[in-house]
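The values are calculated or read from the model by the stated rules, or taken from the named source; none is laboratory data. All values reported here derive from a predicted model rather than from experimental measurement. Every residue, glycine as well, gets a Cβ built from its backbone with ideal geometry; the counts of neighbours run over all protein chains shown. Ligands, DNA and RNA are excluded from the accessible area calculation, which covers all protein heavy atoms including side chains. Shrake-Rupley method; radii C 1.70, N 1.55, O 1.52, S 1.80 Å.
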Amino acid sequence: MSTARYLALIDLLRAQGLPAQRRRSDTGFSGPGYHTAQLSAADELGDEDAAQRLEMREQCVAEHEALLAVLGDQWGEPQVFSLWSVLERSISGEEIPAPWEELSAGFDSLHIWRADGRWVAVGLALENEGASYELLAVITEVDPP
């Protein structure tokens, strides 16, 4: 996907109503107060060779940086929201609202903006040793914990 397609998908999700119950969508999951969209992803179990997977991962990192730049031009500098303490609080038994608890299990941090009454978050998860990656966008009315 290209940055233009990512932006179009983010705008589409921002315009959609939010469901009352969690459900699978064409792009990821939606639930009470949020939509997620997996923009790009790969795990270790693909058919590609290591060099090709590394190239795909580097492309995803470049797409993430381009998306952040365009969204920053649109809404200003993002907040970098660390999810480490959210994960720790969740593990300790504190109830963390969706989608933040689920995000904390897969992402170290997110870049977030407040736009038109909703949060727009973009995250990039990279496995340190492998070629796994995930680029995700989240639209939510639920304030970060």
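Tabulated data
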{"quantity": "Label-point separation in nm, Thr27 to Glu88, each point 7 Å along Cα→Cβ", "calculated": "3.3"}
{"quantity": "Choice from Ala42, Ala20, Ala69 showing the highest fluctuation, given a GNM over the chain with Cα pairs closer than 10 Å", "calculated": "Ala20"}
{"quantity": "Rounded to whole Hz, the Karplus (6.51, -1.76, 1.60) HN-Hα couplings of region 95-100, x for glycine and proline", "calculated": "7, 10, x, 6, x, 5"}
{"quantity": "Whole-percent carbon and sulfur share, accessible surface of the chain, 1.4 Å", "calculated": "48"}
{"quantity": "Percent RCO, i.e. relative contact order, over region 33-135, from Cα pairs under 8 Å lying at least 6 residues apart", "calculated": "38"}
{"quantity": "Three-way shape call for region 54-105 based on the alpha-carbon gyration tensor, with the a/c threshold at 1.5", "calculated": "oblate"}
{"quantity": "Selection from Ser90, Ile139, Ala115 lying farthest towards where the dipole of region 72-145 points positive, charges on Cβ", "calculated": "Ala115"}
{"quantity": "Only Lys, Arg (+1) and Asp, Glu (-1) charged, at Cβ; the chain dipole about Cα centre in debye", "calculated": "680"}
{"quantity": "Heavy-atom surface of the chain, accessible at 1.4 Å and reported per residue (Å²)", "calculated": "56"}
{"quantity": "Cα-projected label distance for Ala20 with Glu58, points at 7 Å along beta-carbon direction, nm", "calculated": "5.1"}
{"quantity": "In region 68-109, GluC sites (Glu not before Pro) in a DSSP loop with at most 12 other beta-carbon atoms within 10 Å", "calculated": "Glu94, Glu95"}
